Amino acid sequence: MAEEEALERGEINGGLTSMDSIDSRWVFQDEDDSEVDDEEAEDDVRHRTVVDSEDDEDDDNAEQRLIRTGPRIDSFDVEALEVPGALRNEYEDFSLGRKIIIAFQTLGVVFGDVGTSPLYAFSVMFKKAPINGNEDVIGAMSLVLYTLILIPLLKYVLVVLWANDDGEGGTFALYSLICRHAKVSLLPNQLPSDARISSFRLKVPSPELERSLKIKERLEASLTLKRLLLTLVLAGTAMVIADGVVTPAMSVVSAVSGLKIGVDAIKQDQVVMISVAFLVILFSVQKFGTSKVGLAVGPALFIWFCSLGGIGIYNLVKYDSSVLKAFNPVHIYYFFKRNSTKGWYSLGGCLLCATGSEAMFADLCYFSVRSVQLTFVLLVLPCLMLGYLGQAAYLMENPAAAEQAFFSSIPSGLFWPVFLIANIAALIASRAMTTATFSCIKQSMALGCFPRLKIIHTSRKFMGQIYIPVVNWFLLVVCLVSICTISSIDEIGNAYGIAELGVMMMTTILVTIVMLLIWQINIIIVLSFIIIFLGLELTFFSSVLWSVGDGSWIILVFAIIMFFIMFIWNYGSKLKYETEVKQKLSMDLMRELGCNLGTIRAPGIGLLYNELVKGIPAIFGHFLTTLPAIHSMIIFVCIKYVPVPVVPQSERFLFRRVCPKNYHIFRCIARYGYKDVRKESHQTFEQLLIESLEKFIRREAQERSLESDGDDGDTDSEDMTSFSRVLIAPNGSVYSLGVPLLAEYKESSEPVSEASTSEEVKPVPPADQTAYDAEQSIERELSFIRKAKESGVVYLLGHGDIRARKDSWFIKKLIINYFYAFLRKNCRRGIANLSVPHSHLMQVGMTYMV
């Protein structure tokens, strides 16, 4: 605990108390020791003084007392401490053979995009800045070399890959990482107990650095900064999706264009038709998954990289090895001096050598950081450099072949084998950003920024490997339209640069925030990072943006459309949640209705699904007024995605008692990470939920018993005496709650329950009738739950229709009533994820005016 307190001082000081209110509060309590849970109260650690009330009896004749409560343990927070374990990396402890297989999969999934850049980079560069001498070739080669060193190697491999979210990469992984360390999410459903998830925390150095705390406070206090951050994330994600469209187009068309070198009769129209056929086949096999496809194409890509290196060495020896002078960066200056404006235009083509850099980060969830780094440094980068040097050596003697630099530089006897491998590699590259797009969209769905879609998990062993059918076919259609509309390699390359640079710039900004807020490293390093890389990317972006009118505007328009889809979905979801919070039912109303809730309580359990993490949802009132009876036990279930990749099963469910005990109403928050797989059947889910509820009831009794044990003092005053309270979790961990308790608490007109299930806290035999009655009360409640479970479980779902209020602005009405309504109507319904038979469902419609 000492280490935790040192790391998290100011958040979890002394175990639980720093975030808790020290104010006491007044609540009603029933005769059977059932405290009414005021869900609006702040999370705190429980102690209480019982005061007799002279108020008259309530209308339902239930005997109640007004009791004063001090700081109290939120059941959510106590449960969240149950399993403070750490996740194991999926890829640890593998045998040597398994590591070799993963290395091949890494090649096939992560490096296909960057590996095929030699097919088109020089062709696009020299189309915009034609070769007028050997110095142009050496200057262009120098540009390519240092672009490879600066962007893929220094920025991504050595820096950005370490900004992963517990092994998860991509734009939304960075956003979730920031959300965990600062409350910047626009959806107000965060709970203090979320920070108790074992995978939630990072071991951050020096959390008390003044700069980091100021940045955190500024981000949390400014709504404008929160919106700006979300806008950057959505823009980056839109560019990733656009990248998933243009990558297959560029890779496949450039590979198939080699036919024009091998067969004179082939024209550009035939190249486009063959490319279309290849892409249809490619997207059709996407459903077989990353593991199967990655293992199949990994060896092919290994042969491709070896071919690049081998051909590069051959050309260096045969033609002109003086291109090695390109390692001197002064030739970049000579290149721009000779070509001026044309040299600036050619930067868009130069950037293409670094395409696929973002895929290394976005596809990181499939593989470990170290495997990606080692594979790039030891194999990918050397082969790429040799490949480009070989092409430059060939162009020194054959400058007229710049339009098809790669295929022209292949030795004649190896042309067709290399052409075959090049097309296979291009198909692999096309999958790289498609795979990254799937990962990014799943993350955005989990964090409430993308409409719900069907997700298929293609691997039983690695849960991050997914396939989204709708996205797959949508990308195919847009890709085919792009190829047929923009058939020129130059125009496709320009569109490619726009999409790639958009992602790169967003990643640079987000990683800079991570450096300041989480890594807390020297400010000089942070400034150097953002100035060098953002300045470099803005220079490249100015080049490609100048040529946007050539046809690449189609990709820019597509990215803007995707951005607005995500923005509208997030905006509508936020308004819906805020409206539900405002319309939730009050506890006073529940007390007035009484334990029968103003209706008939039929045997069984009703699981009412809603999005609220606190309060009683308004849809529950619709069920009470619509149905002739309600179930004897009600559990409000909230499926909540927290900004972590994975929530362990043992930490999945958190419970709270919503009303007095005789109401039999609970709240359950089922927490999932954005990488979690929700594949359990409804029977399994029900079983896990009921088991967790029983553990909660026993743990609640255990906590009260521990509290009462500390009340055996002999003071006569009413002052508070400080006790060091200890909570023993089921896994054996001991937590010191370190809060003041009342020494004088001996009026035991209330029964005090005893711990009965934890192995570490053995039950003490009842010493008096009160303790015996308390234990019997626990068993009666557990028996009631089991009987209700035997009577059946019914899922109560509210189908909400969202409408803008009549006095809203026209733009808001347009967005909510038409665009957002269209997305909700056509997205995957939440019921589809439950796998519940229709005979177990009850639905009630409700309209939310936002």
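The values are calculated or read from the model by the stated rules, or taken from the named source; none is laboratory data. Since this is a predicted model, take the numbers as computed values, not measurements. So basically every Cβ, Gly included, is an ideal-geometry build from the backbone, and we count neighbours across all protein chains shown. Each accessible area value is taken on the protein alone, full model and side chains, heavy atoms only, with ligands, DNA and RNA left out. Shrake-Rupley method; radii C 1.70, N 1.55, O 1.52, S 1.80 Å.
Numbers below:
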quantity: Residues of the stretch 363-383 satisfying the condition of being open to solvent by less than 10 Å² (accessible area, probe 1.4 Å) and over 28 Å from the mean Cα position of the chain (by Cα); calculated: Val380
quantity: Every pair of residues 6+ apart whose Cβ atoms lie under 7 Å, when the first sits in the stretch 327-343 and is on the phi < 0 side of the Ramachandran plot while the second is among the basic types (Lys, Arg) and open to solvent by less than 80 Å² (accessible area, probe 1.4 Å); calculated: Lys342/Lys128
quantity: Residue among Val271, Val240, Val233, Val245 that alone is among the hydrophobic types (A, V, I, L, M, F, W, C) and over 24 Å from the mean Cα position of the chain (by Cα); calculated: Val271
quantity: Tally, over the stretch 109-157, of residues that are open to solvent by less than 10 Å² (accessible area, probe 1.4 Å) and either not in a helix (DSSP H, G or I) or not assigned by the TED database to the domain that holds Leu395 (or both); calculated: 4
quantity: Filter result for Ile639 (β-branched (Val, Ile, Thr) and out of contact with any helix residue (DSSP H, G or I) (no Cβ under 7 Å at 6 or more places or on another chain)); calculated: yes
quantity: Residue in the stretch 294-306 that is closer than 30 Å to Lys128 by Cα, modelled with pLDDT of 90 or more and exposed (fewer than 15 other Cβ atoms within 10 Å of the Cβ) present; calculated: yes
quantity: Test: residue in the stretch 515-534 that is open to solvent by less than 10 Å² (accessible area, probe 1.4 Å), under 21 Å from Phe450 (Cα atoms) and either modelled with pLDDT of 90 or more or in the same structural domain as Gln443 (by the TED database) (or both); calculated: no
quantity: Qualifying residue in the stretch 539-553 (condition: open to solvent by less than 60 Å² (accessible area, probe 1.4 Å), in contact with a strand residue (DSSP E or B) (Cβ under 6 Å, 6 or more places away or on another chain), of a type in the set (Val, Ile, Thr) and part of a helix (DSSP H, G or I)); calculated: no
quantity: Every pair of residues 6+ apart whose Cβ atoms lie under 6 Å, when the first sits in the stretch 567-596 and is closer than 22 Å to Pro451 by Cβ while the second is among the charged types (D, E, K, R) and outside any helix (DSSP H, G or I); calculated: Tyr577/Glu611
quantity: Evaluation of Pro248 against (1) touching a Lys or Arg at 6+ places or on another chain (Cβ under 9 Å); (2) assigned to a helix (DSSP H, G or I); (3) open to solvent by 10 Å² or more (accessible area, probe 1.4 Å) (one fails), failing number; calculated: (3)
quantity: Residues (within 28 Å of Gly343 (Cβ to Cβ) and acidic (Asp, Glu)) located in the stretch 525-582; calculated: Glu537, Asp550
quantity: Any hit, the stretch 354-362, residues being open to solvent by 20 Å² or more (accessible area, probe 1.4 Å), farther than 19 Å from Phe126 by Cβ, touching a helix residue (DSSP H, G or I) at 6+ places or on another chain (Cβ under 6 Å) and aliphatic (A, V, I, L, M); calculated: no
quantity: Filtered residue count, the stretch 493-514, keeping only those that are within 30 Å of Phe126 (Cα to Cα) and open to solvent by less than 10 Å² (accessible area, probe 1.4 Å); calculated: 14
quantity: All positions within the stretch 418-456 that are buried (at least 24 other Cβ atoms within 10 Å of the Cβ) and charged (D, E, K, R); calculated: Arg431
quantity: Complete set of residues in the stretch 583-612 that are open to solvent by 10 Å² or more (accessible area, probe 1.4 Å) and under 33 Å from the mean Cα position of the chain (by Cα); calculated: Gln583, Lys584, Leu585, Tyr609, Asn610, Glu611
quantity: Subset of the stretch 628-645 (residues that are open to solvent by 10 Å² or more (accessible area, probe 1.4 Å) and of a type in the set (Val, Ile, Thr)); calculated: Ile639
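A quick yes/no check of all residues on (1) part of a helix (DSSP H, G or I); (2) out of contact with any Pro (no Cβ under 9 Å at 6 or more places or on another chain); (3) closer than 30 Å to Phe819 by Cα:
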| position | (1), (2), (3) |
| --- | --- |
| Phe406 | yes, no, no |
| Trp416 | yes, yes, no |
| Ile421 | yes, yes, no |
| Thr437 | yes, yes, yes |
| Phe450 | no, yes, yes |
| Val481 | yes, yes, yes |
